[in-house]
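The structure under discussion appears below in the form of C-alpha cells.
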Amino acid sequence: MADVPELHLVQNRCGDTSLVYEGKAYKLKRAGRQKYWRCSKDKEGCGGAIWTNLDVTTVIKQYDCIKSCQVDEHLTYIQNGNEGGFDK
C-alpha cells in the first residue's frame, strides 16, 4: 500500500490557519461545499492549489506547485509534530 501524505492544519504567523501538505503551505481562499486552498507562494507565480472536503481530511483535487516552489523545511518540522502545530 502506498504512503498517503497527511493533511495538517497549522497556525501561521498572522494567526490564521494554513494547510500543510507534502511540505508546502496552502492558504484558505474559499469554503463552500469544499475548501479551496492556494499555495502560499501564489504571489511568486506558483499556481498550486488543493480542494479538500470541509473536514480537511481528504484531498479531492490538486494542481501541482511549480518546480521552483520549494518544500518549506520549517513547516515540515512543524508537520512532524515538533513545534506548535495542531492536527485536525
Is it true that some residue in the stretch 30-48 is assigned to a strand (DSSP E or B), of a type in the set (A, V, I, L, M) and in contact with a Phe, Trp or Tyr (Cβ under 6 Å, 6 or more places away or on another chain)? no
What are the pairs, 6+ residues apart or on separate chains, where a residue within the stretch 8-27 that is on the phi > 0 side of the Ramachandran plot has its Cβ under 8 Å from a residue that is surrounded by 14 or more Cβ atoms within 10 Å (Cβ to Cβ)? GLY23/ASP72; GLY23/LEU75; GLY23/THR76; GLY23/GLN79
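Is it the case, given these coordinates, that CYS39 is hydrophobic (A, V, I, L, M, F, W, C), surrounded by 16 or more Cβ atoms within 10 Å (Cβ to Cβ) and modelled with pLDDT of 80 or more?
Values: hydrophobic (A, V, I, L, M, F, W, C): yes; surrounded by 16 or more Cβ atoms within 10 Å (Cβ to Cβ): yes; modelled with pLDDT of 80 or more: yes.
The answer is yes for CYS39.
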Which listed residue, of THR58, THR52, is within 14 Å of ARG33 (Cα to Cα), modelled with pLDDT of 70 or more and more than 11 Å from the chain's Cα centre (by Cα): THR58
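The values are calculated or read from the model by the stated rules, or taken from the named source; none is laboratory data. Quantities reported herein were computed from a predicted structural model and do not represent experimental measurements. All Cβ positions, even for glycine, are placed from backbone atoms using ideal geometry, and neighbour counts span all protein chains on display.
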